[in-house]
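Novice: The structure's right below; bear with me while I get my questions together.
The values are calculated or read from the model by the stated rules, or taken from the named source; none is laboratory data. Here the structure is a predicted model, which means the values were calculated and not measured. Cβ placement follows ideal geometry from the backbone for every residue including glycine, while neighbour counts extend to all protein chains displayed. Heavy atoms of the whole protein, side chains included, go into the accessibility calculation; ligands, DNA and RNA do not. Shrake-Rupley method; radii C 1.70, N 1.55, O 1.52, S 1.80 Å.
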Amino acid sequence: MRFIQSLRPISAALAITLISAPAAGQTSIDPPAGDWTHRGVDVSFPETVGGFGRGQATEFTSDGRDAAIGYKYNNADGTLNVTVYVYPDYSDLSCSQIFLDARNNVAEYRGAELSGQGFISPPDGGDTDFGLGARYRLPANSMREGYPALISDVYLYCPPGDKWLVKYRASWTGSEATFPDVGSFLRRIDWPADLRSNL
């Protein structure tokens, strides 16, 4: 995660209960061969993206508008698991407030240590807008018993138009110095107009 500029500290007062997506039954999907297309917005996720292999998809709402897709990448330095979430912007909160909520979900793990935060390029690689990112060091067994130490990134992009959000969580078993380039992975996906930075 390459930070373009450090973020100013966000007020802890914003950590109070934030509005989230409506609760609903969640459905796990093993995508068939070929692209898997998000049902809410026309973005397709290929089986492989530059060495990243696609895994399971999850739809959090019955209409498929709130969904996530997992990818895994392995090399000699470690294993990276990335989950990309695409979902409607249900709330009237600012992008920074929504990001704080996502960041706090990682910070709650036992022993989590903030390594850095800042502005990150949008998924399509454009330079007219930015997402928000933070990196944490998580000690072994912090997520659950038997898990190795991880470097864990959380990222949120709020595309222009205030209709959709793109988030990812990426957890790496290697060192910070060898963390794979998730931005390069995202730029290989054909993002539709609703999720691009150049509306």
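Novice: Mind listing whichever residues of the stretch 163-187 are within 18 Å of Asp129 (Cα to Cα) and among the basic types (Lys, Arg)?
Specialist: Once the filter is applied, which keeps residues that are within 18 Å of Asp129 (Cα to Cα) and among the basic types (Lys, Arg), the stretch 163-187 yields Lys163, Lys167, Arg187.
Novice: Still on this structure, please answer the following. Name the residues in the stretch 38-53 that are assigned to a strand (DSSP E or B) and at positive phi, would you?
Specialist: none
Novice: Quick one: would you say Arg135 is surrounded by 15 or more Cβ atoms within 10 Å (Cβ to Cβ) and assigned to a strand (DSSP E or B)?
Specialist: Yes: the conditions hold for Arg135.
Novice: Take Leu100 and decide whether it is part of a loop (DSSP other than H, G, I, E, B), over 21 Å from Pro180 (Cβ atoms) and among the aliphatic types (A, V, I, L, M).
Specialist: Judged against the criteria, Leu100 is not a match.
Novice: Turning to a different aspect of this structure: Pick from Asp129, Asp162, Asp194: which is part of a loop (DSSP other than H, G, I, E, B) and either within 16 Å of the chain's Cα centre (by Cα) or surrounded by 14 or more Cβ atoms within 10 Å (Cβ to Cβ) (or both)?
Specialist: Going through Asp129, Asp162, Asp194 in turn, just one is part of a loop (DSSP other than H, G, I, E, B) and either within 16 Å of the chain's Cα centre (by Cα) or surrounded by 14 or more Cβ atoms within 10 Å (Cβ to Cβ) (or both): Asp129.
Novice: For the stretch 36-58, state whether one or more residues are open to solvent by 50 Å² or more (accessible area, probe 1.4 Å) and among the aromatic types (Phe, Trp, Tyr).
Specialist: Within the stretch 36-58, none of the residues are open to solvent by 50 Å² or more (accessible area, probe 1.4 Å) and among the aromatic types (Phe, Trp, Tyr).
Novice: For the stretch 59-91, how many residues meet the condition of being within 23 Å of Ala149 (Cβ to Cβ), of a type in the set (A, V, I, L, M) and buried (at least 17 other Cβ atoms within 10 Å of the Cβ)?
Specialist: Residues in the stretch 59-91 being within 23 Å of Ala149 (Cβ to Cβ), of a type in the set (A, V, I, L, M) and buried (at least 17 other Cβ atoms within 10 Å of the Cβ): 2 in total.
Novice: In addition: Within the stretch 54-64, take every residue that is of a type outside the set (Ser, Thr, Tyr) and outside any loop (DSSP other than H, G, I, E, B) and give me the one that is nearest to Tyr90 (Cα to Cα).
Specialist: That would be Glu59.
Novice: What's the total number of residues in the stretch 165-191 that are open to solvent by less than 20 Å² (accessible area, probe 1.4 Å), over 23 Å from Ala76 (Cα atoms) and not in a strand (DSSP E or B)?
Specialist: So the answer is 2.
Novice: Open to solvent by 40 Å² or more (accessible area, probe 1.4 Å), at positive phi, touching a strand residue (DSSP E or B) at 6+ places or on another chain (Cβ under 8 Å) and not basic (Lys, Arg) - does that describe any residue in the stretch 109-118?
Specialist: Yes.
Novice: Starting from the stretch 131-153, take each residue that is within 30 Å of Asn198 (Cα to Cα) and free of Cβ contacts under 8 Å to residues at least 12 places away in the same chain and list its partners that are of a type in the set (A, V, I, L, M) and assigned to a loop (DSSP other than H, G, I, E, B), counting only C-beta distances under 9 angstrom and pairs at least six apart or across chains.
Specialist: Partner pairs satisfying both residue conditions: none exist.
Novice: When Leu150 is evaluated against the numbered criteria (1) open to solvent by 20 Å² or more (accessible area, probe 1.4 Å); (2) modelled with pLDDT of 95 or more, which criterion, by number, is the only one it fails?
Specialist: Every condition holds for Leu150 apart from (1).
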